[in-house]
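> Would you mind keeping the following structure in view while I ask a few things?
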Amino acid sequence: MTVEQKTRTNSKFKLVGSKDIGYNVKQVDVFLDRARAYFLNPDSSGKAITSFDVRTASFDPARGGYNAQAVDAAMDRIEDEFVLREKELLINAEGEKAWMIKIGKTATVLRARLHRPDGERFRHPLRKNTQGYSTADVDLLCRELLTYIEDNGELSVDIVRRAIFAPAKGGGGYEESQVDAFLDRVVELMAAIDTPAGK
């Protein structure tokens with residue numbers, strides 16, 4: 001058995017075809033091993049890993065790598081587990097009121113931006129050839145998020161995690177980095193709200 005065959009046999013996730021693009025196997029394995037070790041023993045000397053680290057982790061593309069959808073789904077589950085433990089730790093240390101205050105502060109900040117008019121929620125790229133996200137697509141999701149936060153609307157955190165927006169250039173779109181950073185905070189809030197203690 002060759003090294004490549006052994007790797008493909010012992011893989012944690014399904015691998016794409018040898019000529020197809022997936023996630024770098026080594027990077028995924030190293031991160032997941034670190035995350036698992038820290039989750040099982042947070043008092044170890046290893047570098048702390050938070051739900052934010054899991055949510056923002058990225059892996060290089062690689063031929064014959066791990067199937068991206070399978071890895072993304074696993075990362076979502078791992079993030080939820082980290083969120084749950086962070087919630088339990090805060091409640092145990094400072095009480096449930098402290099948790100509710102934290103959630104309330106995050107929701108207040110997010111609502112302020114969501115209440116902005118369509119077309120004005122985020123910065124527009126200054127250069128006309130800079131690619132951004134479709135203003136209409138982002139605004140549509142923002143309206144759904146506002147309903148979720150203020151009126152207990154039905155919206156899965158996975159929809160936000162997997163949101164895809166049509167490209168738009170210059171003033172016709174929103175700046176990608178600002179939208180991405182905002183949606184990271186939204187996912188953080190939704191994961192916390194939708195993850196009950198004692199899950």
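The values are calculated or read from the model by the stated rules, or taken from the named source; none is laboratory data. Predicted model only: the values in this text are computed from it and were never measured. With ideal geometry, Cβ positions are generated from the backbone for all residues, glycine too; neighbour counts draw on all protein chains shown.
> Given the criterion touching a Leu at 6+ places or on another chain (Cβ under 8 Å), surrounded by 13 or more Cβ atoms within 10 Å (Cβ to Cβ) and not hydrophobic (A, V, I, L, M, F, W, C), identify the matching residue among Arg185, Arg161.
Working: Arg161 fails: touching a Leu at 6+ places or on another chain (Cβ under 8 Å).
So the residue among Arg185, Arg161 that is touching a Leu at 6+ places or on another chain (Cβ under 8 Å), surrounded by 13 or more Cβ atoms within 10 Å (Cβ to Cβ) and not hydrophobic (A, V, I, L, M, F, W, C) is Arg185.
> Any idea which of (1) free of Cβ contacts under 8 Å to residues at least 40 places away in the same chain; (2) touching a helix residue (DSSP H, G or I) at 6+ places or on another chain (Cβ under 7 Å) is the one Arg34 doesn't satisfy?
(2)
> Can you tell me how many residues in region 137-172 are of a type in the set (Ser, Thr, Tyr), under 19 Å from Thr108 (Cβ atoms) and without any contact (Cβ under 8 Å) to a residue 40 or more places away in the chain?
Keep residues of region 137-172 that are of a type in the set (Ser, Thr, Tyr), which gives 147-148, 156.
Retained after the next criterion (residues that are under 19 Å from Thr108 (Cβ atoms)): 147-148.
The next check asks that each one be without any contact (Cβ under 8 Å) to a residue 40 or more places away in the chain; those that pass are 147.
Going through region 137-172 one residue at a time, the tally reaches 1.
> A follow-up question, please. Need the failing condition index for His124 against (1) touching a helix residue (DSSP H, G or I) at 6+ places or on another chain (Cβ under 7 Å); (2) surrounded by 16 or more Cβ atoms within 10 Å (Cβ to Cβ); (3) within 30 Å of Ala35 (Cβ to Cβ), just the number.
Checking His124 against (1) touching a helix residue (DSSP H, G or I) at 6+ places or on another chain (Cβ under 7 Å); (2) surrounded by 16 or more Cβ atoms within 10 Å (Cβ to Cβ); (3) within 30 Å of Ala35 (Cβ to Cβ), the one that fails is (3).
> In region 147-160, which residues are closer than 22 Å to Arg123 by Cα and at pLDDT below 90? Break it down into steps so the answer makes sense when it comes.
Going through region 147-160, the residues closer than 22 Å to Arg123 by Cα turn out to be 160.
Result: no residue meets the conditions.
> Also, I was wondering about something else. All but one of (1) within 22 Å of Asp33 (Cα to Cα); (2) more than 14 Å from the chain's Cα centre (by Cα) hold for Ala73, so report the exception by its number.
Condition not satisfied by Ala73: (2).
> Can you tell me how many residues in region 64-99 are surrounded by fewer than 12 Cβ atoms within 10 Å (Cβ to Cβ) and either in contact with a Gly (Cβ under 8 Å, 6 or more places away or on another chain) or of a type in the set (S, T, N, Q) (or both)?
1
> Out of all the residues in region 73-92, which are within 13 Å of Asp53 (Cα to Cα), of a type in the set (A, V, I, L, M) and either in contact (Cβ under 8 Å) with a residue 60 or more places away in the chain or in contact with a Lys or Arg (Cβ under 6 Å, 6 or more places away or on another chain) (or both)?
Scanning region 73-92 gives a single hit, Val83.
> Next question. Would a scan of region 165-180 turn up a residue that is touching a strand residue (DSSP E or B) at 6+ places or on another chain (Cβ under 6 Å) and among the β-branched types (Val, Ile, Thr)? Spell out the reasoning first.
Our first condition is that a residue be touching a strand residue (DSSP E or B) at 6+ places or on another chain (Cβ under 6 Å); within region 165-180, this holds for 165-169, 173-176, 179.
Those still in the list that are among the β-branched types (Val, Ile, Thr) too: 179.
Yes, region 165-180 contains a residue that is touching a strand residue (DSSP E or B) at 6+ places or on another chain (Cβ under 6 Å) and among the β-branched types (Val, Ile, Thr).
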